[in-house]
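The numbers here are math on the coordinates, done by the rules we state, and not lab data. Source: prediction; values computed, not measured. Here the Cβ positions follow ideal geometry from the backbone for every residue, glycine too, while neighbour counts run over all protein chains shown.
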Amino acid sequence: MITPGAALSKSAPLLACIGLLCAWQVASLALQTESFPTALEAIRAVPSILGDKESLVNIGASIRRMAIGLSLAVLFAIPLGLLMGRIKGVASFFNPLLMIIYPVPKAALMPIIMLWMGVGDMSKTLVIFLGVSLPIIYHSFQGGKAVEEKMLWSGAAMGLSAPQRMLRIVLPAALPEILTGCRTGLVLALITMVTSEMIARQSGAGNILFNALDMAQYDTVFAMIIIIGAMGILFDAAFEKLRGWLVRWSKPQHDMPLSFS
Amino acid sequence: MKVVSLRSDVQAEPAALPGVAPAMAMIHIDHVSQRFQTSGRQSHLALSDINLTIEDGAFVSILGPSGCGKSTLLYIVGGFVQPSDGAAKVKGKVITGPGPDRGPVFQEFALFPWKNVLGNVMYGLRQQGVKKTDAEAKSRKLLEMVGLKGYENFYPKELSGGMKQRVAIARTLAYNPAVLLMDEPFGALDAHTRTRLQNDLLTIWERDRKTVLFVTHSVEEAVFLSDKVVVMTRSPGSIKVVVDIDLPRPRKRAELLLDPRYQKYVVDIEKLIDDTGEDEIHA
Amino acid sequence: MNPALNKVLLGITPIALFLALWQSLITFGYAPVTMLPPPGAVFLRLGQQLFTSDFLHEIAATLLRLFAGFGIAVVLGVIIGLAAAVSPAINAVVKPLVRVMAPIPKVALYPALLLILGFDHASKITLVAADALFPILLSTYYGASMVEQKLIWSAMAAGTPRAQILFKVVLPAAMPSILTGCRIGLVISCIVVFLAEMITSTDGLGHMLVQAARTFQTVDMFVPLITISMLGLILNSLLHGLRTYLLRGFPEV
């Protein structure tokens, strides 16, 4: 049995989406400008984008770059962050460098990296990798630092060597925090992907958006916004499901990570 | 380095038991001092010239005011902390690091939160290379012994403090260490749970008589459980006196609490602590 | 050996290595100067530009958008965050909305903002505000909902009227968390304003970078990038200083 209250709270995000679309509809009807189509018009334009082979290939390529960039960042950032969390010297070595890199707009490196590596997948993937790494490093660092000393001692008393403790105690113990970083990273990967494509204007989802803007196809612009927005919401929800399952043993945390942190 | 000789005048009392043959000694703490670096160039002497011998199968409690370094002493025996001076030995061998011959039980439980109860107890056995089915059978038996049958698949977050500590004790007993190192194990529990765990610990201990080093700040707990109570002074921590608790075993709580000998031990030791604890006000 | 000094030296090492690597790529001919200008040239150009009125004008345009957007985000974030923490009814509305809107890449809304608000300041300021809003809102919300009930009871027992509890107890108690959110939001603002200017603008630091990229002036591409990063660092540390000052009574935060 599902109680009405639980059903309401389950469907609340969906209701929120509908509410936002309604607000959009009303705003656009009130403003009555040609360049601001109603929500219904935009939604009607979605199938034509998703039905178009070229657009699909473009969006697919975007997602592939995002997946590769994010995976590379995860493989690189988690071990580095955990080492920083457990070994003081490693933390002192990397922290100032990371602090300086932190406020650099990573997507803004796009023109420079394009100069070196061309406009291909490599540059875009590299920019996504750079954009995503920092929050994952930061959260892995915090997670690794917070692992209870006594837990490591218990492991040592059982005969676990230092590398074993790293893999079998620090990694699982820090996992909730690491996954919080990965969730931020996922959203950030999408942001960096769209931004870099808007700046480079070669291919991808961000490019479709601005091409449509240039050609005054306003329905397409807003439809593409819906698609990218939906990608953000769906990726985040899917990852949250996965995270909840992976760390079902841990105490529940904040249900929204502070993005970028 | 010279601190050792300076404190030698206090050494008469602890009675390093020179007569006891080293072969009989399970743990031998030999002129151990511990200095901690505080801010800048300052350092703080936490333990000063500790000498203590613990025989095989003895239940020894270390008692003292908070901040007297009693936990640090336990960590040194565990091999988690290296002493600045002197050495601790187990079965005649100098302790250089943690090992499965000395199993810790912490006040903070330190269970692995990503493993369920059974997984926690099996962890050490699997680490020792015990086959999975054997490890599981042994762990289930241990869990039954500590009164947690039926909780095998629970995660630590679903357990109360007392249950967590029962799991932690089972987890350590599982890999059968020669020495149990208990660091205020019942300090975070409520009075009722605490009493029950003391009783259960005593029952388990009287069955196989492992060597136990037990740190606590409760006089009643120390007298109730131990063969010997080591009373420490604070800042720098040193041994004030070692009291032999000459009470019959197996001990029953209901009888013991009424026993005038038990009551006298408690009152006497409390007096000793009062003498050492006067500077607590200045802390 | 002084451990504090050691730590600083250890931290400077990778930065020095990075600069040395950059320089040696050019010195040993792996990278032509047209592709990668030497670090010395970049910082020299930065020093020269810093006092020209044109450059200061660009910085001013960027800062105007940055502070306007960030300011809106702080006001809205703190108000909505507090309201959601205090009132269950508002919470029921805000929570699902935030859940849905936070993971949307706000930059994708930029074309829509351009169409609705025009190509001038307003669209960029709105984008900055939209991006900085959520970290501030969320940390305010968590900070305010973590306030100890007993703190509120103590204040009420001491005679604080119900209506003043929010400003006299909840807001100050949530301050550490709010200021942390503000620091995150500020750095995001710096990044977003720069990117928005890169995507479409006629002035500002981001526009400078795009302009330089079109004419392949590599030195001039690095200058605005380093400037915005330094602005981010400076503003971040100013806010950190403010935070330390405001929170001097709090236990280690």
Task: Unsatisfied cross-links (Cα-Cα over 20 Å) in the set A:K241/C:K95; A:K124/A:K241; C:K95/C:K150; B:K70/B:K228 - done: A:K124/A:K241; C:K95/C:K150
Open item on the list: Helix A:88-101 against the longest principal axis of chain A: what's the angle in degrees, Cα atoms only, rounded to the nearest 10?
Closed with: 20 degrees
Task: Fluctuation leader among A:A238, A:A107, A:A173 - chain A, Gaussian network, Cα springs under 10 angstrom - done: A:A238
- [ ] Name the residue, out of C:L117, C:L235, C:L25, whose mean-square fluctuation peaks in a Gaussian network model built on chain C with Cα pairs under 10 Å.
- [x] C:L25
Open item on the list: Need the C-alpha centroid separation for segment C:2-17 versus segment A:1-48, integer Å.
Closed with: 54 Å
- [ ] Treat the count of other C-beta atoms within 10 Å as a stand-in for reagent exposure and order B:I245, A:I137 from fewest to most.
- [x] B:I245, A:I137
TODO: Based on other C-beta atoms within 10 Å, arrange C:E148, B:E184, B:E158 from fewest to most.
DONE: C:E148, B:E158, B:E184
Open item on the list: I need the phi-derived Karplus couplings for segment C:62-76: 6.51 cos²θ - 1.76 cosθ + 1.60, θ = phi - 60°, integer Hz, Gly and Pro marked x.
Closed with: 5, 5, 4, 5, 4, 6, 4, x, 5, x, 4, 4, 5, 4, 5
Open item on the list: Show me, for segment C:212-226, the HN-Hα J-couplings you get by feeding each phi into the Karplus relation (A = 6.51, B = -1.76, C = 1.60, θ = phi - 60°), rounded to Hz, glycine and proline as x.
Closed with: 5, 5, 5, 9, 6, 8, 4, 4, 6, 6, 6, 4, x, 4, 5
Task: Amide hydrogen neighbours beyond the local backbone of B:G237, cut-off 5 Å, H modeled - done: B:L47, B:S48
Task: Summed side-chain charge close to A:F222 - residues other than A:F222 whose Cβ falls under 11 Å, Lys, Arg +1, Asp, Glu -1 - done: -1
Open item on the list: Ranking request for peptides C:78-85, A:87-94, A:19-26: highest mean number of other beta-carbon atoms within 10 Å first, then the rest in descending order.
Closed with: C:78-85, A:87-94, A:19-26
TODO: Between A:R201, A:R64, A:R248, find the one with the highest GNM mean-square fluctuation for chain A; connect C-alpha pairs within less than 10 Å.
DONE: A:R248
Task: Kirkwood Rh, angstrom, the protein assembly as shown [1 / mean 1/r, Cα pairs] - done: 30.7 Å
- [ ] Would you grab the residues whose amide H sits under 5 Å from the one on B:G86? Only those 5+ places off in sequence or on another chain, please, with H modelled 1.01 Å from N.
- [x] B:S33
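Using helices alone, I'd like the mean residue ellipticity at 222 nm for the protein assembly as shown: each DSSP H run of four-plus residues gives -39500 (n - 2.57), total over residue count, nearest 500.
Rounded to the nearest 500, it is -21000 deg cm²/dmol.
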- [ ] Go through segment B:21-121 and name the trypsin sites (Lys or Arg not before Pro) that are in a DSSP coil and have 16 or fewer other Cβ atoms within 10 Å of their Cβ.
- [x] B:R41, B:K91
TODO: Between C:T244 and C:A122, with labels modelled 7 Å along Cα→Cβ, what's the label distance in nm to one decimal, could you check?
DONE: 4.2 nm
- [ ] Taking the Cβ of C:L115 as the centre, find all other residues whose Cβ is under 15 Å away and add up their charges (Lys, Arg: +1; Asp, Glu: -1).
- [x] -4
Task: Beta bridges per DSSP with both ends in the protein assembly as shown, % antiparallel, nearest 5 - done: 50 percent
TODO: Rounded to the nearest Å, what's the spacing between the alpha carbon centres of segment B:112-188 and segment A:130-169? Just the number, please.
DONE: 22 Å
TODO: Specify the angular offset, from 0 to 90 degrees and rounded to the nearest 10, of the alpha carbon long axis of helix A:39-51 from the longest principal axis of the alpha carbons in chain A.
DONE: 70 degrees
Open item on the list: Can you give me the long-range amide H partners of B:F214? Hydrogens built in the peptide plane at 1.01 Å from N, cutoff under 5 Å, separation of 5 or more residues or another chain.
Closed with: B:V60, B:S61, B:I62, B:M182
- [ ] May I ask for the Kirkwood hydrodynamic radius of chain B, worked out over all distinct Cα pairs and given in angstroms to one decimal?
- [x] 19.7 Å
TODO: Please report the base-10 log of the normalised intensity I(q)/I(0) for segment A:38-246, using a Debye sum with one equal scatterer per alpha carbon and no solvent, at each q in 0.07, 0.08, 0.19 (1/Å).
DONE: -0.28, -0.35, -1.27
- [ ] Tabulate in residue order the Karplus-calculated ³J(HN,Hα) for segment A:199-205, using 6.51 cos²θ - 1.76 cosθ + 1.60 with θ = phi - 60°, rounded to whole Hz; enter x for Gly and Pro.
- [x] 7, 7, 6, 10, 7, x, 4
Task: Crossing angle, helix C:88-101 versus chain C [Cα axis fit, 0-90 degrees, rounded to tens] - done: 20 degrees
- [ ] Please name whichever of A:N58, A:L15, A:Y102 sits farthest to the positive end of the charge dipole of chain A, dipole taken about the Cα centre and charges placed at Cβ: Lys and Arg +1, Asp and Glu -1.
- [x] A:Y102
Task: Per-residue average of Cβ from other chains inside 10 Å of C:7-20 - done: 4
Open item on the list: Cut-off is 10 Å between beta-carbons; in what order do B:Y155, C:Y245 appear when sorted fewest neighbours first?
Closed with: C:Y245, B:Y155
